[in-house]
Amino acid sequence: MHVERLEGHSFASVRAAYLGATHPDLVVAVGTQFPVGAPATAFFGATPSSPAPAGLYTWTLASDAAAAYYQMTGLTTDDMDPTVAGRALWQTDSDGQVSLSRVGYLSEMCRSLTEWDATSTADTLGNPMLNAQRSVRAACNGFELDRQMILPEQTCFTVLTNGIPTPWVESELTAGAQIDVSEAGKHGQVDIPECG
């Protein structure tokens, strides 16, 4: 079987970057893509683009984690209880154990962004929600972008302005991609670009 086109949303851009070296002629079309190759500080700096629900700024880890989850997903306390949202950020079960899905997520996340060490030195004291987001990914400090990642030549992204949870951040890896901008929509629900 010969695959000619890859379509998807979000982390499909990471999957495409795994295939670029071996399948350079693959056509890649991704909506609300993850900004593979971007600096981690730029990604986290752009992520909190929606207001967190009121009443969660208590400077406690549980509250800050819940607020961070709401910001990253666009959900509110009407959609999910703050206790559940706080656990969701860390992807822990009811006993507080980290899930295997979190380990798998970090395995890809850590290799998909650059400059992780800078996240531990960036001034984040004024933004507890950003601190919570960064602390949950502290395991990535010391990782570097996977050197085998390369996007196929014919790669197209539909970028959602003020996208949650994957804001658009340019990188050397995505510099050759065709970019279409969508002003409205939700993560995973924008049109896949035509791309060819």
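Between the amide H of Arg137 and any residue lying 5 or more places away or on another chain, no distance stays under 5 Å, with hydrogens modeled in the peptide plane. Taking all protein chains as they are arranged and a probe of 1.4 Å, the heavy atoms of Met80 leave approximately 40 Å² accessible to solvent.
Assuming 0.36 nm per residue, please report the length gained on full extension of the stretch Glu7 to Glu172 beyond their Cα-Cα distance.
Gain on stretching Glu7 to Glu172: 57.3 nm.
Of the residues Leu113, Leu75, the one with the largest accessible area comes first in the ranking Leu75, Leu113, computed with a 1.4 Å probe on protein heavy atoms. Subtracting the Cα-Cα distance of Leu100 and Ala118 from 0.36 nm times their residue separation leaves 3.8 nm of extension gain.
The values are calculated or read from the model by the stated rules, or taken from the named source; none is laboratory data. Nothing here was measured: the structure is a model prediction, and the numbers come from that model. All accessible areas refer to the heavy atoms of the entire protein, side chains included, with ligands and DNA or RNA removed. Shrake-Rupley method; radii C 1.70, N 1.55, O 1.52, S 1.80 Å.
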